[in-house]
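**Student:** A single structure is presented below for examination.
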Amino acid sequence: APLRLATLVIAYNRADYLKRALLSIVASRLRYDASGQSFQIYVSQDGENTNVSSVATAMGAISLVHPRVSLRIPSDMRHEPGYAYCAAHYGWAIEQIFESPARYSGVVLLEEDIEVAPDFFSYFAATAPLLYQDPTLLCVTAFNDHGQGGFVGNSTAVYRSDFFSGLGWLMSRRLWEEVRNTWPSHGVRSTVTYWDEWMRLPQQRRGRSSIRPEISRSFTFGETGTSHGQFFTKYLSKIRLAKASEAVDW
């Protein structure tokens, strides 16, 4: 039987961004499964925001609201506390998915400023079983950090990579059970509150590889947000997202 997978979009207060992201996510999901039964979409927002909730509901997503509380921010993070709040929100939201009665095998993690390619869900449906068959794999990601237009061309190519990329990726239940008790800001004091950098540490990666495509199946348009558009103009805005004409039946 196919694995039971969910889609989780992490959001804060950018309702316009969320709408743009969900339009592409919903379209890709319908393309993969016209019945709309696969990859149930959840939107988890950090604290109450009526505009964000309205967009999530209008787009057919299940809305989750993280009870935002004041965190004790490590001294080296006080100039950019948003990352600590983001990590705490991620940990809470992932836990909601895996503790839900649906008993999901894995969750595709996205953010409110990420668009996806038309074959995004086909890609994850085909690659998800590999995480349970190959113990040397950490995750599957849709994003190639070196996927700027001048460097990519083969829409069917996928690679094993030693680099964890967190912009549209699939976490297995098994991986969450490994890391849940030490997740940064998730009930455990951590000097690393950038959750993606934390995932790249040797004690989490354990020598395992990630699967990534040559041409990205996700694209971040987040010019404003927690990172203040860091690297956006020079690098991220130039990442090439696979077009409909390049869609693969994975």
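The values are calculated or read from the model by the stated rules, or taken from the named source; none is laboratory data. No experiment lies behind these values; they were computed from the predicted model shown. Cβ placement follows ideal geometry from the backbone for every residue including glycine, while neighbour counts extend to all protein chains displayed. Side chains are part of the model used for accessible areas, which takes the heavy atoms of the whole protein and leaves out ligands, DNA and RNA. Shrake-Rupley method; radii C 1.70, N 1.55, O 1.52, S 1.80 Å.
**Student:** Quick one: how many Å² of Trp92 are accessible to a 1.4 Å probe, rounded to 10?
**Tutor:** Trp92 exposes around 60 Å² with every protein chain in place.
**Student:** If you put +1 on each Lys and Arg Cβ and -1 on each Asp and Glu Cβ, how big is the dipole of the chain around its Cα centre, in Debye rounded to 20?
**Tutor:** It comes to approximately 260 debye.
**Student:** Let me ask something additional. Need one number: nm distance between label points at Tyr132 and Asn51, each 7 Å from Cα along Cα→Cβ, rounded to one decimal.
**Tutor:** Output for this residue pair reads 4.1 nm.
**Student:** OK, next. Would you list, by chain and number, the aspartates and glutamates whose Cα falls below 12 Å from the Cα of Lys238, excluding same-chain residues fewer than 8 positions away?
**Tutor:** Straight-line reach from Lys238, under 12 Å: Asp145.
**Student:** Separation between the Leu3 and Arg68 pseudo-spin-labels, each 7 Å from Cα along Cα→Cβ, expressed in nm?
**Tutor:** 3.2 nm
**Student:** Between Phe151 and Phe221, what length comes free when the chain is fully extended (0.36 nm per residue of separation minus the Cα-Cα distance, one decimal in nm)?
**Tutor:** 23.2 nm
**Student:** Given Cβ point charges of +1 (Lys, Arg) and -1 (Asp, Glu) and nothing else, what value in debye, to the nearest 20, does the dipole of the range 50-135 about its Cα centre take?
**Tutor:** 360 debye
**Student:** Something else now. Choose one of Tyr85, Asn181, Leu64: the residue whose Cα lies farthest towards the positive end of the charge dipole of the chain (beta-carbon charges +1 Lys, Arg; -1 Asp, Glu; about the Cα centre).
**Tutor:** Asn181
**Student:** Still on this structure, I have one more. For the range 1-159, what does the accessible surface come to per residue with a 1.4 Å probe? Please give it in Å².
**Tutor:** 44 Å²
**Student:** Return the sequence-ordered ³J(HN,Hα) values of the range 121-137 in whole Hz as given by the Karplus equation 6.51 cos²θ - 1.76 cosθ + 1.60 applied to θ = phi - 60°, using x for Gly and Pro.
**Tutor:** For the range 121-137, the Karplus curve yields 6, 4, 4, 6, 4, 7, 8, 3, x, 4, 5, 9, 9, 10, x, 8, 9 Hz.
**Student:** Under 17 Å between alpha carbons, and skipping anything fewer than 8 positions from Lys243 in its own chain: which aspartates and glutamates qualify?
**Tutor:** Counting by Cα, and skipping residues close in sequence, Lys243 has these aspartates and glutamates nearby: Glu115, Asp119, Glu214.
**Student:** What does DSSP give for the chain in terms of the percent of beta bridges that are antiparallel, rounded to the nearest 5?
**Tutor:** The antiparallel fraction comes to roughly 40 percent.
**Student:** Also, quick follow-up: Roughly how many Å is it from the Cα centre of the range 111-161 to that of the range 26-78, as a whole number?
**Tutor:** Computed from Cα coordinates, the inter-centre distance equals 21 Å.
**Student:** Placing +1 at every Lys and Arg Cβ and -1 at every Asp and Glu Cβ, with all other atoms neutral, what dipole size does the range 77-223 have around its Cα centre, in debye to the nearest 20?
**Tutor:** 600 debye
**Student:** What distance in nm lies between label points placed 7 Å from Cα along the C-beta direction at Arg160 and Arg174?
**Tutor:** Modelled inter-label distance: 1.5 nm.
**Student:** Return the label of the correct value of Rg and Dmax of the Cα atoms in Å, as calculated from the structure shown, out of (1) 17.0, 49; (2) 23.0, 72; (3) 18.9, 62.
**Tutor:** (1)
**Student:** Using the per-residue mean of other Cβ atoms lying within 10 Å as a proxy for protection, in what order, highest first, do the peptides 37-50, 56-69 fall?
**Tutor:** Per-residue mean Cβ counts within 10 Å order the peptides as 37-50, 56-69.
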